[in-house]
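Student: This is the structure I have questions about; it appears just below.
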Amino acid sequence: MIKSATQYPVHSLISHDANTLYHVPPYQREYSWQKQQWEELFDDLAESEGPHFLGTIICLNATHDAVEANILELVDGQQRMTTITLLLAAIHSILSQNKVVLDDEAQADLINLRRQLVRKQDNKLRLRPQLQGSNRADYAAVMKEAGLPVEHDHVNYLHLRRIWRCYNHFLGEIEEYAADQQIARVGAAQQILDAVNRAIIVKIEVDTHADAFVLFESLNNRGMPLTPVDLIKNRVLADAERLQVMDVEKTFEKWNEMLSNLGDDYANQERFLRHYYNAFKSSLPSVPNATVATRSKLIRIYETLVSSGVSAFIDAIVPASEIYGRITGQIPRGESLDVKLTALGRAQGAPSYMLLLYLLREAASKKTPTSEIESIVELLTAFFVRRNLTGFPQTYALPRIFMDVIDLLADHQSEGAAQIVAKAFGSNRQATIPSASDCWDLCTRTMPTSHDSS
């Protein structure tokens with residue numbers, strides 16, 4: 001799982017003579033650190049009597065040509081690394097503006113600092129932030145402002161956004177530090193540079209995004225770890241960018257369209273990804289040892305699906321998310337079917353959504369009438385009301401049950417869908433169990449809305 005875990009001083013992690021570049025995954029969470037974090041970082045460095053521990057970063061080796069560059073994808077730690085390099089940029093700005101007063105050793109330190117932030121041979125930025133929130137463009141503009149040889153496009157409203165404000169904050173902090181210590185700004189900048197370069201960061205390198213997620217689960221980090229949905233998104237966008245099969249911005253828009261269809265509830269987003277795989281498993285690329293999608297297998301499953309073709313993956317999953325949004329009530333149409341779907345949700349019928357996703361997506365090609373799907377929804381509602389009373393079947397068994405029903409529907413296309421579903425669940429019930437009509441009346445009147453997490 002962990003390829004390596006090593007502590008480095010910052011001057012080695014971001015070395016002036018190394019070939020390493022750090023890339024934040026496409027459309028990772030945008031830069032979000034604020035004044036409190038900036039102040040804490042600066043104060044810790046200024047007050048430290050020895051090497052200050054700055055925390056941990058998690059990297060995935062994304063190198064394709066080691067001669068051209070050793071590329072490390074910053075799966076976690078991008079906030080910290082972005083802030084550190086913005087502090088280094090502020091230091092570079094002060095030193096470069098006062099170059100004439102620097103002695104030979106300080107001149108050499110300035111050159112090395114420049115190469116810590118941009119690579120010597122091609123002036124590529126050592127750190128490439130994510131695109132979201134104009135982070136990448138803002139970062140390049142700030143580096144140019146700091147006197148670094150960086151090309152960048154004009155950025156509107158740069159001074160209003162966090163990356164600029166962070167850089168400007170550190171300029172002010174160095175000014176205040178110089179006043180407190182009663183030394184010149186250049187001397188203050190040199191002292192802070194020394195504190196940054198000797199500070200320690202632990203770099204953990206992993207082989208896969210799935211390994212990274214396991215680390216998120218086990219490390220007690222401050223802040224919110226990335227979710228499987230975040231990591232799958234990163235893989236989609238990274239493949240779109242690396243393979244150049246889709247425009248990255250369009251891919252991001254499509255991914256956001258999918259999330260919009262599913263709503264803000266993360267549990268619903270993750271359940272959709274499980275249900276999508278379980279519903280259409282027979283027609284999707286084969287994933288070894290993944291007969292049923294579970295939370296622990298989700299990243300590995302979707303890494304396989306995305307690697308088989310990111311464009312085809314997006315074209316299939318986004319329309320499916322719209323159907324799922326209707327099933328869950330996120331995109332109601334105000335029709336009779338939507339009323340019945342609401343009743344199914346009230347009966348805690350979420351485990352059956354994979355079956356309905358399959359039926360509604362295949363409805364046009366199989367010419368299944370809406371009235372037949374409505375009958376199936378009523379039958380499922382009755383099933384879940386009875387399950388709520390009896391506790392049977394157990395939750396862990398439900399995914400396999402509905403996947404078996406989907407297999408029956410695929411194998412017996414000549415028979416009506418409602419008839420197949422009714423046969424699958426059986427028609428003989430004990431007299432003490434409510435009838436389907438009684439269950440329907442009960443859940444449409446009294447049961448609170450609730451979604452099972454299966």
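Student: Once you sort the root eigenvalues of the Cα gyration tensor of the range 233-370 as a ≥ b ≥ c, which label holds: rounded (a/c under 1.5), prolate (a/b larger than b/c) or oblate (the other case)?
Tutor: On the way: a/c = 1.79, a/b = 1.55, b/c = 1.16.
Prolate is the answer for the range 233-370, as a/c is 1.5 or above and a/b outweighs b/c.
Student: Long-range amide H contacts for ILE71: which residues qualify at under 5 Å (H placed 1.01 Å from N, peptide plane, sequence gap of 5 or more or a different chain)?
Tutor: LEU21, ALA62, THR63, HIS64
Student: Now for a different question. Relative to the Cα centre, what is the charge dipole magnitude of the range 1-51, using +1 at the beta carbon of each Lys and Arg, -1 at the beta carbon of each Asp and Glu, and rounding to the nearest 20 debye?
Tutor: On the way: 3 positive and 8 negative charges, 89 e Å.
Dipole magnitude for the range 1-51 comes out near 420 debye.
Student: Percent of accessible area on the chain owned by carbon and sulfur, 1.4 Å probe? Please list the in-between numbers first.
Tutor: Working: 10100 of 21330 Å².
C and S fraction of accessible area: 47 percent.
Student: Grab the DSSP H runs of the chain that are 4 residues or longer, score each as -39,500 (n - 2.57), total them, divide by all residues and round the 222 nm result to the nearest 500 deg cm²/dmol. Can you show the working numbers first?
Tutor: Values: 19 runs with 259 residues, N = 454.
Mean residue ellipticity, 222 nm, calculated: -18500 deg cm²/dmol.
Student: Further, regarding this structure: What does the C-alpha gyration tensor say about the overall shape of the range 30-119? Classify as rounded when a/c is under 1.5, otherwise prolate if a/b is larger than b/c, or oblate. Intermediate values should be presented prior to the final figure.
Tutor: Details: a/c = 2.10, a/b = 1.18, b/c = 1.78.
Because a/c hits 1.5 or more and a/b fails to exceed b/c, the range 30-119 counts as oblate.
Student: Could you give the angle, 0 to 90 degrees to the nearest 10, between helix 353-366's Cα long axis and the longest principal axis of the Cα atoms of the chain?
Tutor: Once rounded, one gets 70 degrees.
Student: Could you derive backbone 3J(HN,Hα) for the range 298-313 from the dihedral phi with the Karplus parameters 6.51, -1.76 and 1.60 (θ = phi - 60°), listing whole Hz in sequence and x where the residue is Gly or Pro?
Tutor: 4, 5, 4, 4, 7, 4, 5, 4, 5, 5, 7, x, 5, 5, 5, 4
Student: Now a separate question. Loop-only GluC sites (Glu not before Pro) in the range 314-381, please: DSSP not H, G, I, E or B, and at most 12 other Cβ atoms within 10 Å. Spell out each step's value before the answer.
Tutor: Values: sites: GLU322, GLU335, GLU362, GLU372, GLU374, GLU378; in loops: GLU335.
When the GluC sites (Glu not before Pro) of the range 314-381 are filtered for loop state and at most 12 Cβ neighbours within 10 Å, GLU335 remain.
Student: Show me, for the range 330-343, the HN-Hα J-couplings you get by feeding each phi into the Karplus relation (A = 6.51, B = -1.76, C = 1.60, θ = phi - 60°), rounded to Hz, glycine and proline as x.
Tutor: Those phi angles translate into 6, 10, x, 10, x, 9, 4, 4, 5, 5, 5, 5, 4, 5 Hz.
Student: Within the chain, what's the longest run with no trypsin sites (Lys or Arg not before Pro) in a DSSP loop and at most 10 other beta-carbon atoms within 10 Å? Give the range, please. Numbers along the way, then the final one.
Tutor: Numbers: sites that count: ARG222, ARG333, LYS367.
With trypsin sites (Lys or Arg not before Pro) excluded where exposed in loops, the chain gives 1-221 as its longest stretch.
Student: Quick check on the chain: of the DSSP beta bridges with both residues there, what percent are antiparallel, nearest 5%? Walk me through the numbers on the way to the answer.
Tutor: Details: 12 of 25 bridges.
The antiparallel fraction comes to roughly 50 percent.
Student: Using only Cα atoms, tell me the angle between helix 398-411 and the longest principal axis of the chain; keep it within 0 to 90° and round to the nearest 10.
Tutor: Relative to the chain, helix 398-411 is tipped by roughly 70 degrees.
Student: So, one more: P(r) for the range 129-209, please, calculated from all Cα pair distances in 5 Å bins and given in %.
Tutor: Bins of 5 Å from zero give 3, 13, 16, 17, 17, 17, 12, 5, 1, 1 percent of pairs.
Student: All other residues with a Cβ under 12 Å from the Cβ of GLU151 taken together, and with Lys, Arg as +1 and Asp, Glu as -1, what is their net charge? It would help to have the intermediate numbers written out before the result.
Tutor: Numbers: positive: LYS124, LYS144; negative: ASP122, ASP153.
The answer is 0.
Student: Could you check the spin-label model distance between VAL67 and ARG295? Points 7 Å from the Cα along Cα→Cβ, value in nm.
Tutor: Those two pseudo-labels are separated by 4.7 nm.
Student: Something else about it: Work through the residues other than GLN34 whose Cβ is under 11 Å from its Cβ and net out their charges, Lys, Arg +1 and Asp, Glu -1.
Tutor: Overall, the nearby charge balance is +1.
Student: Could you work out how far helix 78-97 tilts from the main Cα principal axis of the chain, as a 0 to 90 degree angle to the nearest 10?
Tutor: Value to nearest ten degrees: 20.
Student: Sticking with this one: Going highest first, how would you order 100-112, 4-16 by mean Cβ packing within 10 Å?
Tutor: Numbers: 100-112: 12.4, 4-16: 16.5.
The densest-packed peptide leads the list: 4-16, 100-112.
Student: Quick check of the Kirkwood formula: for the chain, what is the inverse mean of 1/r over all pairs of different Cα atoms, in Å? Numbers along the way, then the final one.
Tutor: Working: mean 1/r = 0.0397 Å⁻¹.
In the chain this quantity evaluates to 25.2 Å.
Student: If you put +1 on each Lys and Arg Cβ and -1 on each Asp and Glu Cβ, how big is the dipole of the chain around its Cα centre, in Debye rounded to 20? Working shown, then result.
Tutor: Numbers: 45 positive and 56 negative charges, 258 e Å.
Value, rounded to 20: 1240 debye.
Student: Rounded if a/c is under 1.5, else prolate if a/b is larger than b/c, else oblate: which is the range 160-201, with a ≥ b ≥ c the root eigenvalues of its Cα gyration tensor?
Tutor: Working: a/c = 3.00, a/b = 1.21, b/c = 2.49.
Since a/c reaches 1.5 but b/c is at least a/b, the shape of the range 160-201 is classed as oblate.
Student: Taking the Cα atoms of the range 307-418, report the difference between the largest and smallest coordinate on each principal axis, in whole Å and largest first.
Tutor: So the three principal-axis extents are 45, 32, 29 Å.
Student: Rg to Rh for the range 87-166: what is it, with Cα atoms only and Rh by Kirkwood?
Tutor: Values: Rg = 13.2 Å, Rh = 13.2 Å.
Result: Rg/Rh = 1.00.
Student: What does the charge count near HIS11 come to, summing +1 for each Lys or Arg and -1 for each Asp or Glu among other residues with Cβ under 10 Å from its Cβ?
Tutor: That works out to 0.
Student: Give me, ordered by chain and number, the residues 5 or more places off ASP76 or on other chains with an amide H under 5 Å from its own placed amide H.
Tutor: Those qualifying (amide H under 5 Å, at least 5 residues apart or on another chain) are ILE58.
Student: With θ set to phi - 60° and the Karplus curve 6.51 cos²θ - 1.76 cosθ + 1.60, what are the ³J(HN,Hα) couplings of the range 132-149 in order, to the nearest whole Hz, using x for Gly and Pro?
Tutor: 4, x, 6, 4, 5, 5, 4, 4, 4, 5, 5, 4, 5, 4, 7, x, 8, x
Student: More than 18 Å apart: what percent of Cα pairs in the range 229-273 qualify? Before the final figure, lay out each step's value.
Tutor: Working: 283 of 990 pairs.
That fraction is 29 percent.
Student: If the cut-off is a Cα-Cα distance under 26 Å, which lysines reach LYS35, setting aside same-chain residues fewer than 8 apart in sequence?
Tutor: Answer for LYS35, where 26 Å is the Cα cut-off: LYS144, LYS203, listed by chain and number.
Student: Another question about this same structure. Would you please give the residues with an amide H less than 5 Å from that of ARG126, counting only those at least 5 places away or on a separate chain, with H modeled from the backbone geometry?
Tutor: Counting only residues 5 or more places away or on other chains, the set is VAL118, ARG119.
Student: Please report, to two decimal places, log10 I(q)/I(0) for the range 229-305 at q = 0.13, 0.25 Å⁻¹ as given by the Debye formula with identical point scatterers on the Cα atoms and no solvent.
Tutor: Normalising to I(0) and taking log10 leaves -0.41, -1.26.
The values are calculated or read from the model by the stated rules, or taken from the named source; none is laboratory data. As the structure is a computational prediction, the values presented were derived from the model and not from experiment. Heads up, the Cβs are rebuilt from the backbone with ideal geometry, glycines too, and the neighbour counts pull from every protein chain shown. Calculation scope for accessible area: heavy atoms of the full protein, side chains included, ligands and nucleic acids excluded. Shrake-Rupley method; radii C 1.70, N 1.55, O 1.52, S 1.80 Å.
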